[in-house]
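Each remark here refers to the structure printed beneath this line.
The values are calculated or read from the model by the stated rules, or taken from the named source; none is laboratory data. Because the structure is predicted, anything quoted here is derived from the model rather than measured. A quick note on method: Cβ atoms are made from the backbone with ideal geometry, for glycine too, and the neighbour counts reach across all protein chains shown. Just so you know, the surface numbers come from the protein's heavy atoms only, side chains and all, with ligands and any DNA or RNA stripped out. Shrake-Rupley method; radii C 1.70, N 1.55, O 1.52, S 1.80 Å.
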Amino acid sequence: MTDRRSGAQVAEKPKTAFWNDRDVRAVLFQILIVLGVLAAGWYLVHNTLTNLESRKIATGFSFMEREAGFSIGESLVPYSAADTYARAIWAGIINTLVISVIGIFLATILGTVVGIARLSTNWLVARIASIYVEVLRNTPLLLQLFFWYALVSEALPGVREAIRIIPDYVFLSQKGLRIPHIVANDIHGWMFALFLGGFAATLFWRRAAAKHQEATGKLRPLFWPTVGFLFGPAALVWLFAGAPLELIKPVLRGFDFQGGGTFSPEMIALLVGLVTYTSTFIAENVRAGILSVSKGQWEAARALGLPNNRSLRLIILPQALRVIIPPMTSQYLNLTKNSSLAVAIGYPDLVSILNTTINQTGQGIEGVALIMAAYLTVSLSISGFMNWYNKRIALVER
Amino acid sequence: MTVQTTSAPIEKPPVTEVGAIGWLRANLFNSKSNSVLTIVCFAFIVYVIQAVVPWAFLNAVWTGTPKDCQAPGAGACWAVIGEKNRFTLFGRYTYDEQWRPALAIGLFLLLVGASCIRRLWGKALIWAWVGQVFMWAILMWGGVLGLTFVNHEQWGGLPLTLMMSVVAIVVAYPIGIVLALGRRSDMPAARGLCVAYIELIRGVPLISVLFMASVMIPLFFPEGVSVDKLLRAQIGFTLFLSAYLAEVVRAGLQAIPKGQYEAADALGLGYWAKMRLIVLPQALRLVIPPMVNSFISTFKDTSLVIIIGLVDLLNAGKIAVNDPPWRSFYVEMYIYIALIYFAFCFTMSKFSQRLERDLSKATSR
């Protein structure tokens, strides 16, 4: 609401004094704010530098090149205690990303199931789902993590009495979940290439089917051709090559299993805690989304002769998703940020590794800055992607 | 042609459609798949009950020593809670003076209860809260009225959890409003600063803000000024919560129709008068329910202070079961602490839902 005077009035003397003019005031006010922030910033930086100097702490990121000297419980990138801090931090970032991606995937599935269960016409199912939601969302996540960790690391049987989930292949014990490893084979590379080719073929088929429907009004099958294109050629090649599948089974030797892959107790506790906690919030979003689509939409879709699955996919879901996606974004971000609680139960995520780094080197400012920069990057990219997706499905208003 | 003048006698509905049987048919067995689901759920419930009830109640040890709990066949060891209750609730607060934090919690709950009654909303309630703050300071610190002085480094347990949440909420609330107004303002510099602050804080986990507070605040002040751990954590929480409250308030500001702003302009109100008298009262009332949700999150998030070594409710419980003889009874302790958190959070969320219904009743006529 700036008041711009027209040409005729410019000649007139302004009625208000210049310090009462809105535009002038806005500029003055902003200059004051910026100066205030700068002054406060300068004061804090100046104090910090003086303090660092008197405590003889060197600033800068040169410590990243030094040898870390601590080992990491589990890491996807090869790492040993003789590696640099930079590599340790990289291993932490990868661990955080792994937990977040698996967690988001599982929490979405579980949350959707629970959200639909809360709307069930079956009284018992709806009740159980709502108890699940109320209990988990009204207690602190940290407490739940401690609980799961204690349960996994102490209440589960020892290695010798491990629970055989799939006898000879998958074991669950205090030391975590052991699964078999698949030995890489040349055929597997070819199978993956065929899978990618099948993906392209699926897209092509779907586009052709849509054109066909527009031209003739006839529907072509979509589901089974998709499955066929994606997995058919790869499965055929695998069978013709003599079904090569060599597994390294975990075998009990001495005090622990040898061979195969491991999910550590820390990782299991962290995943179970994050997934169940976040799923309750996702469930509420899904429930609200489905409730927001009116019953008339189902009836209208049926009146048009759409089969049930198509009316869900083409009519109901697109409308429900518009309500579900924005809060879902913030739940995904929350899960990613909450994965930092790993530090409390000893899973080596980014925060936990930087915490050790800060304690060893005393480079507090750099450590905190690295944590914040890493999470900001992840947060901004997730919210950027979700905003893009949200725009794509948003209602186009004329 | 005959005209029927009497109506047919009203028949009672079939027995299978009313009463308990009717309810079962309508809610549990209304289709084949639902019947299957009901049976599966029922089996699940029976399984849980037969697994939990003997452990939690029938074979539980309610009082006694660790030896009693380790006896073969013993279930849950609730004795650990009786033994460690005082430490869990009050932390390292001087043992003989623990009636003071207990009284403080009682006063707090009383006032919270009063605040939930909308008839009592008014100036008196605000003054009661101000009085409460002084009462808490006197009770917790002491040093006056013949009470012995207790250093705040000894505070812990439930009073610490409550205090940190309440102080964070009270201080972050006005900051959040200012940030939200700044984000909606026409001035690019003010808007830019507010957006940067809000997005920065909301983009990082609370732990990193707490780390920042505990690592960097001591460096921020000149030599000789020391800020203790509790205050540092408190600053961290407040900074964090204010960014989230700012977004809640912004949602309210956006929901106010443009006509309200224009009407205020037409009346010749200045910016602050317009906000204080016209916009904020409506916007803040709109966002009470999401605000209560923020408060619930804050209450749960205070448990994170364990990372920087403060003894809140969760940490006190954790330290309590670190005592070697009671070491294996952490599950009972975690359940007890979970119940306390649940009682607070569940009440708050039910209250917020009721409030939401009441408030929408007033506007949806």
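Some values worked out for this structure:
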| read-out | value |
| --- | --- |
| Under 5 Å, built H, 5+ apart or other chain: amide partners of B:ASP312 | B:GLY157 |
| Summed residue charge, Cβ within 10 Å of B:TYR271's Cβ, Lys/Arg positive, Asp/Glu negative | +2 |
| Pairs of lysines in chain B (C-alpha under 17 Å apart; 8 or more residues apart or interchain) | 6 |
| Average Cα contact separation per residue, segment A:184-239, under 8 Å, 6 or more apart, as relative contact order % | 55 |
| Size of electric dipole in the protein assembly as shown: Cβ of Lys, Arg +1 and of Asp, Glu -1, about Cα centre, debye, nearest 20 | 2540 |
| For A:THR84, residues with placed amide H under 5 Å, excluding near neighbours | A:ALA68 |
| Long-range HN-HN contacts of A:VAL170 with modeled amide H, under 5 Å | A:ILE165 |
| Unpartnered cysteines - no second Cys beta carbon under 4.7 Å - across the protein assembly as shown | B:CYS41, B:CYS116, B:CYS194, B:CYS345 |
| Summed residue charge, Cβ within 13 Å of B:THR88's Cβ, Lys/Arg positive, Asp/Glu negative | 0 |
| Protein-protein interface of segment A:128-159, residues with accessible area decrease of at least 30 Å², isolated chain reference, 1.4 Å probe | A:ILE128, A:GLU134, A:ASN138, A:THR139, A:PRO140, A:LEU142, A:LEU143, A:PHE146, A:PHE147, A:ALA150, A:GLU154 |
| Distance (nanometres) between label positions extended 7 Å along Cα→Cβ at A:ILE248 and B:MET135 | 6.6 |
| Average Cα contact separation per residue, chain B, under 8 Å, 6 or more apart, as relative contact order % | 18 |
| Highest-fluctuation residue, A:LEU38, A:LEU350, A:LEU271 considered, GNM on chain A with Cα pairs under 10 Å | A:LEU38 |
| Inter-probe distance in nm under a simple model that places probes 7 Å from Cα toward Cβ, at B:LYS12 and B:VAL227 | 7.5 |
| Surface accessible to a 1.4 Å probe, per residue, for the residues of segment B:46-172, Å² | 57 |
| Modelled FRET efficiency - R0 35 Å, B:SER360 with B:ALA20, Cβ distances, 0.05 increments | 0.50 |
| Heavy-atom accessible surface of the protein assembly as shown: percent carbon and sulfur, 1.4 Å | 67 |
| DSSP H segments from chain A that extend 30 Å or more along their own axis, Cα-based, with Kyte-Doolittle mean of 0.5 or above | A:22-54, A:85-118, A:265-292, A:364-393 |
| Where labels lie 7 Å past Cα in the beta-carbon direction, separation of B:LEU145 and B:ALA71 in nm | 4.6 |
| Protein heavy-atom accessible area occluded, A/B pair - total, 1.4 Å probe, Å² | 4800 |
| Segment B:28-138: C-alpha gyration tensor shape, a/c 1.5 cut-off, then a/b vs b/c | oblate |
| Prolate/oblate/rounded call for chain B, Cα gyration tensor, a/c under 1.5 rounded | oblate |
| At least 15 Å along the helix axis (C-alpha) and Kyte average at least -0.5, DSSP helices within chain B | B:32-53, B:79-90, B:99-115, B:123-141, B:157-183, B:188-203, B:206-220, B:229-255, B:288-301, B:330-363 |
| GNM flexibility winner over chain B from B:ALA76, B:ALA266, B:ALA246 (Cα, springs under 10 Å) | B:ALA266 |
| Net charge over other residues, Cβ less than 12 angstrom from the Cβ of B:LEU147 (K, R count +1; D, E count -1) | -1 |
| Kirkwood hydrodynamic radius (C-alpha pairs) into Stokes-Einstein, segment A:184-239, 20 °C and 1.002 mPa s, D in µm²/s | 176 |
| Shape category assigned to chain A from the gyration tensor of Cα positions, a/c cut at 1.5 | oblate |
| Cut-off 20 Å (backbone N to label point 7 Å along Cα→Cβ of A:ILE57), residues of segment A:339-357 | A:351-357 |
| 20 Å-binned pair-distance histogram of the protein assembly as shown (Cα, whole percent) | 11, 40, 35, 12, 2, 0 |
| Cα-centred dipole magnitude for chain B, charges only on beta-carbon of K, R (+1) and D, E (-1), debye, nearest 20 | 900 |
| Spatial separation of Cα centroids for segment B:231-288 and segment B:88-115, in angstrom | 34 |
| Reduction of at least 30 Å² in accessible surface, 1.4 Å probe, comparing all protein chains with the chain by itself, residues of segment B:162-197 | B:MET187, B:ALA189, B:LEU193 |
| Sequence-separation-based contact order of segment B:157-332, relative, with Cα cut under 8 Å and 6+ spacing, percent | 31 |
